[in-house]
Amino acid sequence: MKLTLVTASLLLGLASTSSVNAASIYAGQAKAAAVCSQCHGIKNPSAEAPFPPLAGRDADYLKTALKQYRDKTRQSDIMNAIAGSLSDDDISNVATYYARLKP
Amino acid sequence: MNILKTPLRKSILTALAALVLPFGVQAAADNAKDMHQLFEDNCASCHGSDHGGFLAPALNSETLKGRSPTALRSLIMTGSFDTLMPPFYGRLTDDQIRGLVSHLQTTPKLANPSWTIDDIKKSIKVYVSDESTLPDKPTYAIDSMDDVIGVAARGKYGRGSGSKAVFINSTTHKQIGEIPTGTAAHIIDYNPANPRWAYIKTDTAEIFKVDLYSMQAVRSVKTGYNGPGLGVSRDGKYIMAGSFVPHNAVILDADTLEPLKTFELEGIDPDGKMVSSDSGMVIGTPFDDIFAIALENAGQVWVVDLKEGFPVTKITDVGRHLHDAFLSHGGRKLMIASYDDSIVAAIDLKERKIIKKLEAGCVPHVGGGSAVEVDGRTLGFGTNFGDCDKTVVSVWDLDKMEVVKQIPVAGGTESPAAHANAPYVAVDIISKDRRARTVQLIDKKSLEVVKTLDVGGHAYFPEYSADGKFLYVSAGYSGDEVVVYDSTSLQKVASVSMESPAGIFSHGRVRYMTRGLSPDEATAPANAPRLRPVGEMKGAK
């Protein structure tokens, strides 16, 4: 994992120049580590598994995909169930976190 | 900081449990044989071929009695968050998962399946038949073979293309080779007499003999169904392997991997009952031409002499549920952990008797153990799962065999790393929450925790490079990288990607015997001829 507590101060520095802040990245990281990485991995999903990679993908793409899963305009039994319990903030945090990772 | 996790996880699990309901109504009519094969091919490497548990819980009619099939199906589909249990969504169909659940809930723990000396013999595979064709020095740049570090990469599913042993040059932190192992690599051990040979043991009890110079497997053998026990004799001529399933051990020729003798593991436990037993640690020692093997359930340590007939001396009543161990004093003293008595027993391998039983926190798991010399004393460090209020790392004076201190740490621990040239003893915190991301560092002199590193993933199995300059840690589970720190500044200096890394094994161990001792410890033991030593059991759970 690239973003650790140790680098929180660095992230706070970044916050002034971009719209995200350390807290939301941290929240995104926590969610990703706790839930999404189970299938998508942090940097890469398992080579043996049918899950698409998320690290380094476009943040807006990820957000849109998650919202579509949430309102079921994009169908996937599993992602519909998972996205169903995500708030707008969750989606934005986790998308930003994954988008910033190098795969 | 872990506030987010629990509620979200709960709501997601509830959502997923609802999800499995609408699927096909007819239960799969697959017969038990197919289901057993499905279990063998996907689950047994972690859960045990006899359904009796291995590094994951036992799955049988007894342990799963009364559990909701729907909840079990959803767990198998998504995996169990923050553990090694992977998601089988997309790998198995809903019908297969359904069939597995009903199979598991109706199958009792199986009788100890047999795997005989003939099965072992027949399982030998030869990948390089003429070893004289191998290069006579490493085919990559490296100053000393001591600098090789091996990492057991499990692969997310405990099998497949992510399962391999990865070898790294610990001065440059660059990968120098990898050996695919089919199922999760668990233990890596090195030949004390010839630096070119390494041995890798997998969760499914295969052993690969590896040529480190050309970075390829030359032979393999299957010694059982499950079990990590592996040791190499000080002369490099023999390997001993011990299994959980079935309950046996075998001595192999280290060169050809031909089995020479098998041992049925059974004996009278400390409560006076005759039991059949899992194998715990297997260890060779620079002290003598012997192997020591722990019989977990029988609470015995057997010392096997490497001579005609391989005679056994049995040391009984060592402790309840023995597991792993480490050596001290030129390899004459063996410190072995007993989970259920929460002690570490010190055994004199010369007299072949127990010296003393020392307090060791609760549910001690010493991993590879560590020993360091501080102000003229040899101090041993012992980790423990700490499944109670007391989460401490035990420090013992290994000369006097007494407890020096129980150092409070943040949670349960599983493996300590030390090095003669590094200021800190590193321990991995394994408690099931955010703490699992961390490693704590204990100052060798003050015996206090002085720093906590947030490594990521499930951080475990710290290991120093042979020169002591770098600390390697696996960010396991979904962390998928090995992180390297400068041992003194504790700054992160490198990262090596791989799927679900676990145990880390420095080739330097061959010279210092137990991590933390002087690099020449194993070459000049007090009353033994000059020679080099051996490996240990690490990473078993």
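None of the figures in this text is laboratory data; all of them are computed from the coordinates on show. Remember, predicted model here, so these are calculated numbers, not experimental data. Counting neighbours? That spans all protein chains shown, and the Cβs are built from the backbone with ideal geometry, glycine included.
Points worth noting:
- Inter-probe distance in nm under a simple model that places probes 7 Å from Cα toward Cβ, at residue B:111 and residue B:41: 2.7
- Across peptide A:70-83, the average count of Cβ atoms from other chains found within 10 Å of a residue's Cβ is 3.
- Ranked from largest, the principal axis spans of the Cα set of the range B:367-514 equal 43, 36, 25 Å.
- Tail beyond 23 Å, pair distance distribution of the range B:193-277 (Cα, percent): 26
- Applying a 4.7 Å Cβ-Cβ cutoff to the protein assembly as shown, the cysteines left without a disulfide-compatible partner are A:36, A:39, B:43, B:46.
- DSSP loop GluC sites (Glu not before Pro) with at most 16 other Cβ within 10 Å: longest gap in chain B: B:63-307
- Stretch in chain B that is longest and holds no chymotrypsin sites (Phe, Trp or Tyr not before Pro) that DSSP places in a loop and that have at most 16 other beta carbons within 10 Å: B:141-541
- Cβ-Cβ FRET estimate between residue B:276 and residue B:141, R0 fixed at 45 Å, reported to 0.05: 0.35
- Note on residue B:403/residue B:161: beta-carbon distance plugged into 1/(1 + (r/R0)^6) with R0 of 51 Å gives a FRET efficiency of 0.65.
- Distance violations [Cα-Cα > 23 Å] among B:307/B:353; B:121/B:156; A:102/B:469; B:125/B:261; B:109/B:156: B:121/B:156; A:102/B:469; B:109/B:156
- Kirkwood estimate for chain B, i.e. one over the average of 1/r between Cα atoms, Å: 23.4
- Working from Cα pairs under 8 Å separated by at least six residues, relative contact order for chain B is 11 percent.
- A cut-off under 10 angstrom between Cβ atoms defines the neighbours of residue B:508, and their net charge, with Lys, Arg +1 and Asp, Glu -1, is -1.
- Here's the list of lysines a cross-link from residue B:390 could span, going by alpha-carbon distance under 28 Å and ignoring same-chain residues fewer than 8 apart: B:5, B:333, B:356, B:357, B:400, B:405, B:432, B:444, B:445, B:451, B:538, B:541.
- Label point distance in nm, residue B:308-residue A:57, each placed 7 Å from Cα along Cα→Cβ: 6.9
- Per residue convex hull volume, Cα atoms of the protein assembly as shown, in Å³: 152
- Summarising the label geometry, the points placed 7 Å from Cα in the beta-carbon direction at residue B:260 and residue B:450 lie 4.6 nm from one another.
- If the chain linking residue B:377 and residue B:495 were pulled fully straight, counting 0.36 nm for each residue of separation and taking away their Cα-Cα distance, it would gain 38.9 nm.
- Surrounding net charge for residue B:402, when Lys and Arg each add one and Asp and Glu each subtract one, Cβ distance under 14 Å: +3
- Computed helical MRE - 222 nm, chain B, DSSP H runs ≥ 4 contributing -39500 (n - 2.57), nearest 500: -3500 deg cm²/dmol
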